[in-house]
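Engineer: Okay, handing you the structure first.
The values are calculated or read from the model by the stated rules, or taken from the named source; none is laboratory data. Keep in mind that this is a model prediction, so the values were computed, not measured. Neighbour counts are summed over all protein chains in view; Cβ atoms, including those assigned to glycine, are modelled from backbone coordinates with ideal geometry.
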Amino acid sequence: MVKPPTPLVVGLLMACFFLHGVFEPAIAAEAKLSITSASAVLMDYHTGRVLYEKNAHEQLPPASVTKIMTLVLALEALRDGKVSLETGIPTSELAASMGGTQIWLETGEVRPFEELLYAIAVGSANDASVAVAEHLAGSEPAFVALMNAKAKALGMKNTHFANPSGLPFPDQRHVSSAYDLAVLSRYALDLPMFRKLVATWGPVVMRREGKRQPELWSFNKMLKQYPGMDGIKTGMTNEAGFCLAATAERDGLRLIAVTLNAPTSQERNQDIARLLDYGFSQLRAITVAKEGEEVGTIPVSKGQIQQVGVAPVRDVVLTVGRTEEAEVKTEITVPKRINAPIAKGQAVAELVVKMNDKEMTRVDLVATQDVARGSLLQIMLQTVRQITGGPAVNKQPPQQ
């Protein structure tokens, strides 16, 4: 019987990651930060750890921060091939009737899907939000059902959406929480195109022949004011106050900060800056492995070569306190047998990351090259070598 491959330990990573002291979670430090907003949360993007909270689970109206979920469903549809950037999106009478921020769509007007994505992300356009929702789900209520189903799937326990725009309407219960919106933001940041959309400052010009051509600029002034900020979404109504879900990255450390119901936009921005400043002062990032960078090789059976390089499908980053003592170890674990043929990019193993002997994350590892199935003679010889413990049939290293 062929023995399962022994997990490979990438020991060189260990020596690089020794820090001293102990990091205490920041939740207990609420009194140290002066936060004016009614609700706030600071979250580490890489681990989902909450570093600070103030009424983080209180149900409050999120205003246009709602549009993060609208973008999530739109970008999932794009990712899954249900729509393309060039798809023409028609404007219904309902979409054209939306008030608040808009791009002045007219009933019957057709705009490219990509243009409406920017209108939602940058211009916070309510008419564009409804047009996209109706196209993707058939009707606004059907899209709202998808929004709430996604919220449930993500564990957003204090969220109930009533529309894709965030506008308040009589007799509609439309609420979320700072924590739920941070969870949503963390998920959204991994979707294709999302970061590009929410980081756009402007101008984005809606080129419409013979019609009004709005020039859109982001409502998130902190994109220009706070170093490292590259998203996400502002919101404001009389009911909701001033809201913001924000993210910023410095030296590989990405944080998410959400505030709801601030009295003014200035106080909202100050709260976000205080939260992010606190997080960056307390944490640092350790890059364990980078997306697409080979971290080792694994054995292959029945192939023209007997090993293949593997690389993580995403950056593998741990966050620790700036004075936290940490020992990081990684292991490559593989199934009992990986048989050729193998396609480049195929998931074939996992990278297990441990800190202080506690498992922190697992990341899929994909093959860095194609491995064709071997000839019958090659396979027979490999089987003989495996049974007898002889040398590998083919010792050539993986192709780069």
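Engineer: May I ask you to verify whether S129 is in a loop (DSSP other than H, G, I, E, B) and either modelled with pLDDT under 95 or assigned by TED's automatic domain parsing to the domain that holds H160 (or both)?
Structural biologist: no
Engineer: Okay, moving on. With the condition kept exactly as written, say whether any residue in the range 103-115 is touching a residue at least 60 places away in the same chain (Cβ under 8 Å), surrounded by fewer than 17 Cβ atoms within 10 Å (Cβ to Cβ) and either closer than 22 Å to N220 by Cα or of a type in the set (S, T, Y) (or both).
Structural biologist: Yes, some residue in the range 103-115 is touching a residue at least 60 places away in the same chain (Cβ under 8 Å), surrounded by fewer than 17 Cβ atoms within 10 Å (Cβ to Cβ) and either closer than 22 Å to N220 by Cα or of a type in the set (S, T, Y) (or both).
Engineer: Follow-up. For the range 254-278, how many residues meet the condition of being among the basic types (K, R) and over 19 Å from the mean Cα position of the chain (by Cα)?
Structural biologist: Matching residues across the range 254-278 total 2.
Engineer: Can you work out which of the residues in the range 145-175 that are touching a helix residue (DSSP H, G or I) at 6+ places or on another chain (Cβ under 8 Å) and not in a loop (DSSP other than H, G, I, E, B) is nearest to E239 (Cα to Cα)?
Structural biologist: Per the stated criteria, the residue is H160.
Engineer: Could I ask something else about it? Please indicate, with yes or no, whether at least one residue in the range 103-115 is hydrophobic (A, V, I, L, M, F, W, C), under 30 Å from K54 (Cβ atoms) and in contact with a Leu (Cβ under 6 Å, 6 or more places away or on another chain).
Structural biologist: no
Engineer: Any residue at all in the range 225-234 that is touching a residue at least 24 places away in the same chain (Cβ under 8 Å), out of contact with any Pro (no Cβ under 8 Å at 6 or more places or on another chain), aromatic (F, W, Y) and surrounded by 15 or more Cβ atoms within 10 Å (Cβ to Cβ)?
Structural biologist: Among the residues of the range 225-234, at least one is touching a residue at least 24 places away in the same chain (Cβ under 8 Å), out of contact with any Pro (no Cβ under 8 Å at 6 or more places or on another chain), aromatic (F, W, Y) and surrounded by 15 or more Cβ atoms within 10 Å (Cβ to Cβ), which makes the answer yes.
Engineer: Taking interchain pairs and intrachain pairs at least six residues apart, which have beta carbon atoms under 8 angstrom, with the first residue in the range 277-289 and outside any strand (DSSP E or B) and the second among the basic types (K, R)?
Structural biologist: Y278/K32; F280/R250; S281/R322; Q282/R322
Engineer: For the range 183-223, give me the residue count where each residue is at positive phi and surrounded by fewer than 16 Cβ atoms within 10 Å (Cβ to Cβ).
Structural biologist: 2
Engineer: Something else now. Test each condition in (1) under 30 Å from D251 (Cβ atoms); (2) without any contact (Cβ under 8 Å) to a residue 24 or more places away in the chain for V313 and report the one that comes out false.
Structural biologist: V313 satisfies every listed condition except (2).
Engineer: From A240, A273, grab the single residue that is at pLDDT 95 or above, surrounded by 22 or more Cβ atoms within 10 Å (Cβ to Cβ) and not hydroxyl-bearing (S, T, Y).
Structural biologist: A240
Engineer: Next question. Go through the range 341-379 and give me each residue that's over 16 Å from L318 (Cα atoms), at pLDDT below 90 and assigned to a loop (DSSP other than H, G, I, E, B).
Structural biologist: G374, S375
Engineer: Which ranges mark the strands (runs of 3 or more DSSP E) fully within the range 22-118 that have 2 or more residues being at pLDDT 95 or above and of a type in the set (S, T, N, Q)?
Structural biologist: Per the criteria, no element qualifies.
Engineer: When the residues of the range 321-332 are filtered to those that are more than 25 Å from the chain's Cα centre (by Cα) and not charged (D, E, K, R), which remaining residue is surrounded by the fewest Cβ atoms within 10 Å (Cβ to Cβ)?
Structural biologist: This residue is T323.
Engineer: Looking at A240, A257, A262, A246, which is the one that is under 21 Å from H57 (Cα atoms) and free of Cβ contacts under 8 Å to residues at least 40 places away in the same chain?
Structural biologist: When all the criteria are applied, what remains is A246.
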